[in-house]
1. If you wrap a convex hull around the alpha carbons of region 51-163, what volume per residue comes out, as a whole number of Å³?
2. Would you mind checking which residues have amide H under 5 Å from residue 76's amide H? H placed 1.01 Å from N; only 5 or more apart, or other chain.
3. I'd like the Karplus ³J(HN,Hα) series for region 107-112: coefficients 6.51, -1.76, 1.60, θ = phi - 60°, whole numbers in Hz, and an x wherever there's a Gly or Pro.
4. Return the whole-Å distance between the Cα centroid of region 121-165 and the Cα centroid of region 62-118.
Amino acid sequence: MARTKTSARRAAARKPVAKSRTKPARTAAKRPAAGLAKRPTQFFRVSHHSEDDFEGGLRRYAKYRDLGMAKATGGMVQAHVIRFVPPCRPEEVSKLHYHEVDLQMIYVLKGWIRTELDGQGAITMKAGSCWIQPSRIEHKVLDYSNDCEVLEIVLPADFKTVELE
């Protein structure tokens, strides 16, 4: 008899779960989330590591590995790994500038980078450090380790950099 009660409870518990799993998933896929503006169509994209993918870019002292997010998000997001070229030469890297962005997030993958941000002073970020740079915050790179690599995510993908020095 104990076996029947347990089986009956399991069966009763399974029925509502099965119904609730299917219906909301279909409904959520058809309806846009409340309050969200129309966004570009996105598609699946994967980027596997390849040394050949590191190329020149915004700065001569860095190599960039584009992760393909700009194309996958219709220009909504830019994501790339930046590998700083050693040795650090302050006369080249320490140029005050800012970016006109909606969001800029940097995560240190390897090594360390010392940067100065307006109102924050000089800060050394090391592997595992992450920060947000608000739009138009004036900043400059002061120094970096020979193995420094960062992941940078920026919205929108096409943004303006303004050099101040």
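1. Taking the convex hull of the Cα positions in region 51-163, it is 93 Å³ per residue.
2. So residue 76 has HN proximity to 157.
3. Per residue, the Karplus-derived 3J(HN,Hα) values read 10, 7, 8, 9, x, 8 Hz.
4. Using only Cα atoms, the two centres lie 5 Å from each other.
Computed from the coordinates by the stated procedures, all read-outs in this text should not be read as laboratory data. In this text, all values refer to a predicted model and were calculated from it rather than measured experimentally.
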